[in-house]
1. Only residues that are in contact with a Ser or Thr (Cβ under 8 Å, 6 or more places away or on another chain), assigned to a loop (DSSP other than H, G, I, E, B) and not hydroxyl-bearing (Ser, Thr, Tyr): list them for the stretch 129-159, please.
2. Tally the residues that are of a type in the set (Val, Ile, Thr) and either touching a Ser or Thr at 6+ places or on another chain (Cβ under 6 Å) or buried (at least 16 other Cβ atoms within 10 Å of the Cβ) (or both), restricting the search to the stretch 96-128.
3. Test each condition in (1) surrounded by fewer than 17 Cβ atoms within 10 Å (Cβ to Cβ); (2) touching a helix residue (DSSP H, G or I) at 6+ places or on another chain (Cβ under 8 Å); (3) at pLDDT below 95 for residue 178 and report the one that comes out false.
4. Filter the stretch 264-281 down to the residues that are in a loop (DSSP other than H, G, I, E, B) and free of Cβ contacts under 8 Å to residues at least 40 places away in the same chain and list them by number.
5. Please work out which residue is nearest to the chain's Cα centre (by Cα), limiting yourself to the stretch 179-195 and to residues that are assigned to a loop (DSSP other than H, G, I, E, B) and at negative phi.
6. Residues of the stretch 79-131 being among the aliphatic types (A, V, I, L, M) and modelled with pLDDT of 95 or more, which ones?
7. Filtering the stretch 238-258 down to residues that are hydrophobic (A, V, I, L, M, F, W, C) and outside any helix (DSSP H, G or I), which residue is farthest from residue 197 (Cα to Cα)?
8. Does residue 292 qualify as being surrounded by fewer than 17 Cβ atoms within 10 Å (Cβ to Cβ) and either aromatic (Phe, Trp, Tyr) or in a loop (DSSP other than H, G, I, E, B) (or both)?
Amino acid sequence: MWYMVPAVCIAVGFLVFTLARQKQPFGHMKVTVVDAYSLHAIEQAQIVLPEGNIHATTDENGVAYLYSIPLSPQQRPSKFRKPKQSFKQSKGTVLPDNYMERYEDRPDKLQVWLDEGISAESLKRFAVKYDSFSDRLVYPIRNLVGKIVNIGGRTLDPEWKEKNLRKYTYFHGWGTMDTIYGLAENMDEILKKREVILFEGCKSVLLADTWGIRNAAAILTSHLNPHQMKILARLGCRVVFALDKEVRIRDDHNIQKLKDYVEVEYLCDKEDLLDEKVAPVDKGKDVFLKLYADRLRYRG
């Protein structure tokens, strides 16, 4: 099937070039994809035109939909050009699709997160399970195309501090963390709303999902790395940072760079509703929605 990749790239390029010459909006175009290699070729095209970025997605029947995300006037290139850097999949670990089957479905262990307000439906949707060997809740971390690239673990040992254990850890080395947790699972809703709410940790994404907020993701730390910045810039959606209270996003140089490509907003605790080192979701849905309503535009 490898020999089909150049042909698909040429076909996609010709389609986009033709539409551009006719100066018509791209809208949503449907293309039949016969194999995964062809879809990969479409996804890797990453063509940038004055009207917007060309992206691809697919459904369960193997039909790919090309669509564009309009660029702001500041983002529009002066002439047709490919971006200087394109998305590349991580060269790190890619685990088998059935990797989570080695872990257990243990309602008694999952009860810890159920007690914290996360629904059983959200735990199932994000494939949270239990690892008896490490006594941790475990969850898959996926790359942009939905492949599992790491496993996150949250200890259930109540004496984790005394034993000098990490509360949260990863089961595999990262190499380069060029993914954002929850982005693959929530991509449809993110593109629909043209906005992604970024938390620090996975639990915040699960709580938001429980509340019906499915345009959320997590950077898995308190700062944005350069690879994640490029992912968000190419995504082209408004980014709302909902990091822990003590984090100052103005001190993050990658967030400063990001605002040159997309609209950036952030939650601001004007009424001192949160304690230090507390996530915006930790005080419940009403407090989070209040913080979200009071969010500010990052202008630099």
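1. Within the stretch 129-159, 135, 143, 144 qualify.
2. Total satisfying the criteria: 2.
3. (1)
4. Scanning the stretch 264-281 gives 267, 268, 269, 270, 271, 272, 273, 274, 275, 276, 277, 278.
5. Out of the qualifying residues, it is 180.
6. 95, 100, 110, 112, 114, 118, 120, 123, 127, 128
7. 247
8. Spelling it out, residue 292 is indeed surrounded by fewer than 17 Cβ atoms within 10 Å (Cβ to Cβ) and either aromatic (Phe, Trp, Tyr) or in a loop (DSSP other than H, G, I, E, B) (or both).
The values are calculated or read from the model by the stated rules, or taken from the named source; none is laboratory data. Just so it is clear, the structure is predicted and the values come from calculations on it, not from any experiment. Cβ sites come from the backbone with ideal geometry, for glycine too, and all protein chains shown count toward neighbours.
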